[in-house]
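Novice: One structure, as structure tokens, below. Some questions next.
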Amino acid sequence: MPAAAAVTTASEWEVVEQRFLEVKRLSVGYGGPPVLKDVSLSVAKGEFVALLGSSGCGKTTLLRTIAGFARPISGAILAGGRDITRLPPDRREMALVFQSYALWPHMTVRQNIGYGLKLRRVPRDKADRRIDELLAMLGLEGLGERNVTALSGGQRQRVALGRALAIDPRILLLDEPLSNLDACIRQTVRHEIRALQKRLGITAIHVTHDREEAMVMADRIVILNRGQVEQLGPPEEVYNRPRSPFVARFMGAENVVELLAERPGGRVEIRAGSHNLPAAWCGSDSLPQGRDLRVLAFFRSEAARLSEEAPGDCQPSSDELILTGRVTQVSYPGGTWRHAVTVGGSELQVDSPVQFRPSAPVRVCVPSEAVFLFPWSSDADGSSAPTEAVE
């Protein structure tokens, strides 16, 4: 009797859907120190994930390895439960949109979009229908016979996206596809790509160094630092609950000041110092229990409130960090006044709707929920983080 066929249960299908693409303990190098070190992540079917990080963090290397253009030293890549680690790019059912668009300059819009279909020997009538569908979907109707060199940057990006989508990939890979566009066009195209991804239900991985771009486009953000995953989560979680000094600073909390604190139980108590008042609020999981803790407090310029200091005016607060300093510089970037404030040995940037005069003594008040506390270390502020030679 023939062996019984394996039956996939509903729960097993759910696991496959939630782990549609899996990267397992991936390490990648180019002959020197590894660019990626033991990286693991899972991407659900239909999810849009952004790989975010500074230049040299390894995000492009990770994307190229998923696409099959770089070979890992160790680890595995699975798509739909199938091991694709050693498969060539053309057998991975993926499409990559390059930063440079990589369009054929001697071809028309229609020929560029249909190039992958031609390589796959798709029948002419079927290919034409698919190209027409994509031209309409991407707002390129009437431009099919135009040479791509006669298009604007935004239109070229749509052509590159159409060429990638023409082959109906299971996974769409985007390598900083908006970096060559002007700011206004970039905002329009980013929303178009996200709307199209949702409409098609396609799984997408997007590489960017632009924090705002990742925030508005992605379901989840993966922040990479020095070839490792620093934090992974929904945009609001990564923004509001950074788990390391690097993530806090990368997500805009660039103000940092050193404080003394203790954590005897569930509360953090900030000791009074030469440039701060005492304060206490609910504890931070990033701080250990103990006394005499040197900590670094990170916060965003827009999260603070600036007011002029008057004798006896500053009172301790249970829900705010209050710093005392002096204005050293004032500028107007638009919509608000930006003040450089010297606090102890640190220079902070604080936004205010009201302009304060240079040299004015001021207090900087930051709500406790906007302060991110971490134990002090020599490189905790990210200033000494090395940059890899290869991204």
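Novice: So which residues in the stretch 118-137 are in contact (Cβ under 8 Å) with a residue 40 or more places away in the chain and in contact with a Leu (Cβ under 9 Å, 6 or more places away or on another chain)?
Specialist: Within the stretch 118-137, just Met137 meets the criteria.
Novice: Tell me which residues, restricted to the stretch 165-196, are buried (at least 20 other Cβ atoms within 10 Å of the Cβ), under 19 Å from Leu62 (Cβ atoms) and more than 16 Å from the chain's Cα centre (by Cα).
Specialist: Ile171, Leu172
Novice: Right, next: For the stretch 193-273, list the strands (runs of 3 or more DSSP E) that sit wholly inside it and hold at least 3 residues that are assigned by TED's automatic domain parsing to the domain that holds Phe98 and aliphatic (A, V, I, L, M); which are they?
Specialist: 203-208, 220-225
Novice: Could you list all residues from the stretch 346-368 that are without any contact (Cβ under 8 Å) to a residue 60 or more places away in the chain and within 16 Å of Ile322 (Cα to Cα)?
Specialist: Answer for the stretch 346-368, where residues must be without any contact (Cβ under 8 Å) to a residue 60 or more places away in the chain and within 16 Å of Ile322 (Cα to Cα): Glu347, Asp351, Ser352, Pro361, Val362, Arg363.
Novice: Check Ile202, Ile221 and return the single one that is farther than 11 Å from Leu52 by Cα and either in contact (Cβ under 8 Å) with a residue 12 or more places away in the chain or not aliphatic (A, V, I, L, M) (or both).
Specialist: Result: Ile202 is the single residue among Ile202, Ile221 that is farther than 11 Å from Leu52 by Cα and either in contact (Cβ under 8 Å) with a residue 12 or more places away in the chain or not aliphatic (A, V, I, L, M) (or both).
Novice: May I ask you to list the residues in the stretch 120-156 that are assigned to a helix (DSSP H, G or I) and closer than 15 Å to Met107 by Cα?
Specialist: Selection gives Ile131, Val148, Thr149, Ala150, Gln155, Arg156.
Novice: Write out, first by first residue and then by second, each pair whose Cβ atoms fall under 7 Å of each other, whose residues are 6+ apart or on separate chains, and whose first residue, in the stretch 232-259, is of a type in the set (Gly, Ala, Ser) while the second is part of a helix (DSSP H, G or I).
Specialist: Correct list of pairs: Gly252/Arg211.
Novice: I would also like to ask the following. Arg129 fails exactly one of the following numbered conditions: (1) buried (at least 18 other Cβ atoms within 10 Å of the Cβ); (2) more than 23 Å from the chain's Cα centre (by Cα). What is the number of that condition?
Specialist: (1)
The values are calculated or read from the model by the stated rules, or taken from the named source; none is laboratory data. These figures come from a predicted structure and were not determined experimentally. So basically every Cβ, Gly included, is an ideal-geometry build from the backbone, and we count neighbours across all protein chains shown.
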